[in-house]
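Step one of this worksheet: look at the structure below.
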Amino acid sequence: MMIALYRRLACLGLPAVLSLLALAVWADEAAPTGPKPRAAVFAFHDLGAYKGHALGQRAAARVQTELRETGRFVLIARADVRRECTALDLRPPFPVGYQQQILARLGADLAITGVVQNCTLDARNSAANVTLIAELTEAIGGEQVAIVKAVGAAHAERNNPVPADELAEEALAAAGKQLARSLTAGPLITGKVVAHIAGDERVTLEADAPGSFVAGMRALIFRRKDDGAWELGAVASIESVQKPRATGKLLSAKGQLKEGDVAVGVFGGGR
């Protein structure tokens, strides 16, 4: 296949090939490179009755996998999160201050922590049910960005029994998928800061077409650093919307916001 491609390029001649390569590079550089929140998923706190099966770690792994599939977040490797937790001798539940400390070490914007609220196995009916609650906490001020709940279920045919732990894993997978779906409901909403006065807790955002911020949504506001990388600069709660603009209240901020700073909406609300 590659040989055939080389032959076709050779037939075009060197100038044409160079032109095509230049166009490909330009297209890649011209592609939008907006910020993606960097998230660290921590082991969930297991409150269920199905003890001794590492459900907290397994729930975190499932949520990590499902969130990666959405493409909305950059996920810190689970091994790195576990390493930092071990270094500080931390186990779930994780106090917010320690979450922020680990986020700073990992260069992450959000901590995703959670609870395995329930895990029930019904041997008679070959069924399993898992309830997960996940919370997103931002790195600057430790404010809650979102909280979502999901229930996953798994069933097996009576004439084709499945080991209980496999049913539990299937239910975990279903709950993890539902959590990821709740956090990424609808299209990706992005926009820019169009007005903010220093010292004022209000900020005005303008959504990129054709989207719109939604009242109750959290907006993560990013700025470009000198090296071109994105940095989380503030978190706002959207309070009112007059499309395409929205007014938000700053929950946390690091440094002065500027016009043109980029906002990314996160679903799931918060308290």
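Dipole check for segment 38-183: with +1 at the C-beta of Lys and Arg, -1 at the C-beta of Asp and Glu, and the Cα centre as origin, the magnitude is about 80 Debye. Summarising the amide proton neighbourhood of residue 233: residues at separation of 5 or more, or on other chains, whose placed amide H is nearer than 5 Å comprise 221, 222, 223.
Just checking the listed ones, 260, 141, 186: in the Gaussian network model of the chain with Cα springs under 10 Å, the one fluctuating most is 186. Extents of segment 27-185, largest first, come to 55, 44, 24 Å (Cα atoms, principal axes, whole angstrom). The amide H of residue 268, built 1.01 Å from its N in the peptide plane, has no neighbour under 5 Å, considering only residues 5 or more places off or on other chains.
Report, for segment 38-183, the % of DSSP beta bridges that are antiparallel, rounded to 5. Show your work: numbers first, answer last.
Working: 23 of 30 bridges.
Approximately 75 percent, going by the DSSP bridge assignments.
Annotated for the chain: lysine pairs at least 8 residues apart or interchain, Cα distance under 29 Å, count 23. Note on residue 53 and residue 239: the model spin-label points, each 7 Å out from Cα along the C-beta direction, lie 4.7 nm apart. Counting other Cβ atoms within 10 Å as a rough exposure proxy, the listed residues 237, 212 run 237, 212 from fewest neighbours to most.
Here the 3J(HN,Hα) profile of segment 208-222, calculated from phi with Karplus coefficients 6.51, -1.76 and 1.60 at θ = phi - 60°, is 6, 5, x, x, 7, 5, 10, 4, x, 6, 9, 10, 8, 10, 10 Hz, Gly and Pro shown as x.
Name all residues of segment 225-252 having a backbone nitrogen under 16 Å from the label point set 7 Å from the Cα of residue 258 along its Cα→Cβ direction, giving them as ranges. The answer is 225-234, whose backbone nitrogens lie closer than 16 Å to the label point. Based on DSSP H segments of at least four residues, each scored -39500 (n - 2.57), the chain has a per-residue ellipticity at 222 nm of -10000 deg cm²/dmol.
Mind telling me which of 177, 249, 225 comes out most flexible in a GNM of the chain, alpha-carbon contacts under 10 Å? In the Gaussian network model the winner is 225. Seen from every direction in turn and averaged, the convex hull around the alpha carbons of the chain projects onto 20.6 nm². In order along segment 75-80, the Karplus-derived 3J(HN,Hα) couplings, from 6.51 cos²θ - 1.76 cosθ + 1.60 at θ = phi - 60°, round to 9, 5, 4, 4, 4, 5 Hz, and Gly and Pro are given as x.
How many percent of Cα pairs in segment 108-247 exceed 28 Å? Please list the in-between numbers first.
On the way: 3675 of 9730 pairs.
In whole percent, the share of Cα-Cα pairs in segment 108-247 beyond 28 Å is 38.
Remark on residue 146: its backbone amide H falls under 5 Å from those of 136, a criterion applied only to residues 5 or more positions apart or on other chains, H modelled at 1.01 Å from N. Under 18 Å from a label point set 7 Å out along the Cα-to-Cβ vector of residue 181, the amide N atoms of segment 59-100 belong to 62-72.
Secondary structure note: in the chain, about 90% of the DSSP beta bridges are antiparallel.
Backbone geometry of segment 145-155 corresponds, through the Karplus equation with coefficients 6.51, -1.76 and 1.60 at θ = phi - 60°, to 3J(HN,Hα) couplings of 9, 7, 9, 9, 10, 8, 10, x, 10, 9, 9 Hz, x marking Gly and Pro.
Extension gain residue 87-residue 165, at 0.36 nm per residue separation less the Cα-Cα distance, in nm?
Details: separation 78, 0.36 × 78 = 28.08 nm, distance 3.04 nm.
Extending this stretch completely gives an extra 25.0 nm.
Identify which of 211, 255, 48 has the largest mean-square fluctuation in a Gaussian network model of the chain, with springs joining Cα atoms closer than 10 Å. Maximum among the listed residues: 255.
Free of any GluC sites (Glu not before Pro) that DSSP assigns to a loop and that have at most 14 other C-beta atoms within 10 Å, the longest stretch within the chain is 1-156.
Figure legend: label point modelled 7 angstrom from the Cα of residue 77 along Cα→Cβ; residues of segment 33-48 with amide N under 19 Å from it are 38-43.
Taken about its Cα centre, the chain carries a charge dipole of about 180 debye when Lys and Arg each add +1 at the Cβ and Asp and Glu each add -1 at the Cβ.
Read the figures in this text as sums done on the coordinates, not as results from a lab. Quantities reported herein were computed from a predicted structural model and do not represent experimental measurements. Because the Cβ atoms are built from the backbone with ideal geometry, glycine has one as well, and the counts that use them run over all protein chains shown.
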